[in-house]
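Trainee: Take a look at the following structure, please.
Just so it is clear, none of the values below were taken in a lab; they were calculated from the coordinates. Fair warning: this is a prediction, and the values are worked out from it, not measured in the lab. With ideal geometry, Cβ positions are generated from the backbone for all residues, glycine too; neighbour counts draw on all protein chains shown.
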Amino acid sequence: MDADPRSTGEGGGRRVTDAAHDRRVGAVAETVRALVGARGPVHIDKGGVHHVVPLASGDSRFTGRRIDVSTLRHVLEVDVERRLCVAEPGVTFRAVVDATLRHGLVPAVVPELEGITLGGAVAGCSVESSSFRYGGFHDSCLDYEVVTGTGEVLGCSPEHEPLVFGMIHGSYGTLAILTRVRFALVAAKPYVHVEYRRFRDPASLHAAMLARCEAADVDFIDGIVHAPDHWTLCLGRFVERARRASSYRWLDVYYKSTRVLDEDVLTTPDYFFRYDTEAHWLSRTVPPLEWKPVRFLLGRLFLGSTNMIRWSGRLRPIFRLKRRPDVVCDYFIPAGRVPEFYDWYLRELRYFPLWVVPYRVPKPYPWLSAGHRARAGDLYVDLAVYGMPNGDPGVDRSEQLEEKTYELGGLKTLISRNHYSAERFWSIYDEATVRQVKARLDPRGMFRDLYEKLHRVG
């Protein structure tokens, strides 16, 4: 790769080009220009599986005229000296970790499912146990290249087109097509040592978690709640060597280990993707998948988040027989209101495990309304509810959680079922700013509107 002599330095540094990348992006831009003026929205087809929650019916998120971006799946550069990586949006985090860890570097935030792509993490939201320090993966990004709804190839960064740059995160593919990401890397070691500290009540866990976030004396902080009286704080540190590393790729189940072990050591990739084999604990919805003989014989076929997502697509006709799909969603609650959430959750829902991830927002996101932004500080806690049954005809747990999150000044990811009225939605999201950037990037409505695309009860 050579420096582009036409570069103006926009985007916070020297622009590095790859002729093959430019050809791939040019083909995407040409497709967009050919579709301008045609009726109906488009579907950005990245190929592979989608890491959004499948809906049983009425899901039009992946319909429309197809724009194929499946070729954009290459790591373009790993700059060891400057601790930077440049890659296309279809690259998975597993591929990025493989490319960077050999140099003693990794992304600041690595989502827990190894098939999640860079583009998906930017367009939606991705937090993990390093988020108490770094925020979301998108907060470590330095610049983006996008193809707009008119077929323009546009670079953006905090210095050049800063509002566009800030709005790409959380846009869910409704503003432009992401084609390249440049992001920061941090130092890493080959292994992670994890210490598990147990508490009998939510107040003790919450106080301990906030204290460790403030001290910032470990590399990773998260928690897992197994029962009303079984709260586990997980503290991880990079280490150079390990006598023996555990593996949860096949026969053993990671989330169960956190209930009984006091400490553990995993290779760094296995720590990052420790929840992938079970897709957290969704494997338990088919109990035999947690039996060792079944895992020995069939694990390669059924285990792992990518396999499970593929199977969920194949079994969608069966899901339609359910009254409602199970609840799978992340709820970001301001740290100061989390005790209220816990009290309510233990009274009303009592579904476990519950994943607990502290998430510090380095600066307010421009798509968040001023009124909603004022209700929270810079530290949230992600309370992740994965697999909660939702068949009670008298109450919709998904809607109930959404309402409580709003009451407490929190946010939820939009990858699952959403129940907001337009008025409520635009009290959380800054409609004027969304419309302003939509007019800049997609004046002819090539991509679906944010509310239209994601407000699907299903």
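Trainee: Can you compute the charge dipole magnitude of the chain about its Cα centre, using +1 on each Lys and Arg Cβ and -1 on each Asp and Glu Cβ, nothing else charged? Give it in debye, rounded to the nearest 20. Spell out each step's value before the answer.
Mentor: On the way: 62 positive and 58 negative charges, 244 e Å.
Here the size comes out at about 1180 debye.
Trainee: Could you give the size of the charge dipole of segment 78-213 about its Cα centre, using +1 on the Cβ of each K and R and -1 on the Cβ of each D and E, expressed in debye and rounded to the nearest 20?
Mentor: Values: 12 positive and 15 negative charges, 138 e Å.
Here the size comes out at about 660 debye.
Trainee: Which value, in nm² and rounded to one decimal, describes the direction-averaged projected area of the C-alpha convex hull of segment 232-367? Before the final figure, lay out the partial values.
Mentor: Numbers: hull surface 48.6 nm².
Mean projected area for segment 232-367: 12.1 nm², to one decimal.
Trainee: Charges on Cβ only, +1 for Lys and Arg, -1 for Asp and Glu, centred on the Cα centroid of the chain; of P287, L441, L105, which one is farthest towards the dipole's positive end?
Mentor: P287
Trainee: Choose one of S369, H193, V260: the residue whose Cα lies farthest towards the positive end of the charge dipole of the chain (beta-carbon charges +1 Lys, Arg; -1 Asp, Glu; about the Cα centre).
Mentor: Positive-end residue among those listed: V260.
Trainee: While we're on this one: Dipole size in debye (nearest 20) for segment 333-458 around its Cα centre, Lys and Arg Cβ +1, Asp and Glu Cβ -1? Before the final figure, lay out the partial values.
Mentor: Working: 19 positive and 17 negative charges, 97 e Å.
So the dipole magnitude of segment 333-458 works out to roughly 460 debye.
Trainee: Let me ask something else about it. Please turn the phi angles of segment 358-368 into ³J(HN,Hα) values with the Karplus equation 6.51 cos²θ - 1.76 cosθ + 1.60 (θ = phi - 60°), one per residue in order, whole Hz, x for glycine and proline.
Mentor: Working through the residues one at a time gives x, 9, 8, 8, x, 7, x, 7, x, 7, 8 Hz.
Trainee: Sticking with this structure for a sec: Say a site is exposed when it is one of the trypsin sites (Lys or Arg not before Pro), sits in a DSSP loop, and has at most 13 other Cβ atoms within 10 Å; what is then the longest site-free stretch of the chain?
Mentor: Values: sites that count: R6, R14, R39, R82, R200, R241, R243, R244, R320, K322, R323, R350, R444.
Segment 83-199 is the longest.
Trainee: Next up: I'd like to compare 108-116, 161-169: which one has the highest average count of other Cβ atoms within 10 Å, and what's the full order after that?
Mentor: Values: 108-116: 23.2, 161-169: 20.1.
The densest-packed peptide leads the list: 108-116, 161-169.
Trainee: Now, a different point. Quick one, could you list the DSSP H helices from the chain stretching 18 Å or more along their long axis (Cα atoms) with average Kyte-Doolittle hydropathy of 0.5 or above? Mind dumping the intermediate values first?
Mentor: On the way: long enough: 19-35 (24 Å, 0.04); 202-215 (20 Å, 0.53).
Membrane-span-like by this rule: 202-215.
Trainee: Which Rg and Dmax, in Å, describe the Cα atoms of segment 91-155?
Mentor: Over segment 91-155's Cα set, Rg and Dmax evaluate to 13.0, 41 Å.
Trainee: Also: Is segment 181-258 best put as rounded, prolate or oblate by its Cα gyration tensor, with a ≥ b ≥ c the root eigenvalues, rounded for a/c under 1.5, and otherwise prolate when a/b is larger than b/c, oblate when not? Could you put the intermediate results ahead of the total?
Mentor: Numbers: a/c = 1.99, a/b = 1.24, b/c = 1.60.
Oblate.
Trainee: Further question: Hey, how many Å between the Cα centroid of segment 365-388 and the Cα centroid of segment 414-458?
Mentor: For segment 365-388 versus segment 414-458, the Cα centre distance is 17 Å.
Trainee: On to the next question. Out of residues 5 or more away from I116 or on other chains, whose amide H comes under 5 Å of its own, with H placed 1.01 Å from N in the peptide plane?
Mentor: It is F93, by chain and number.
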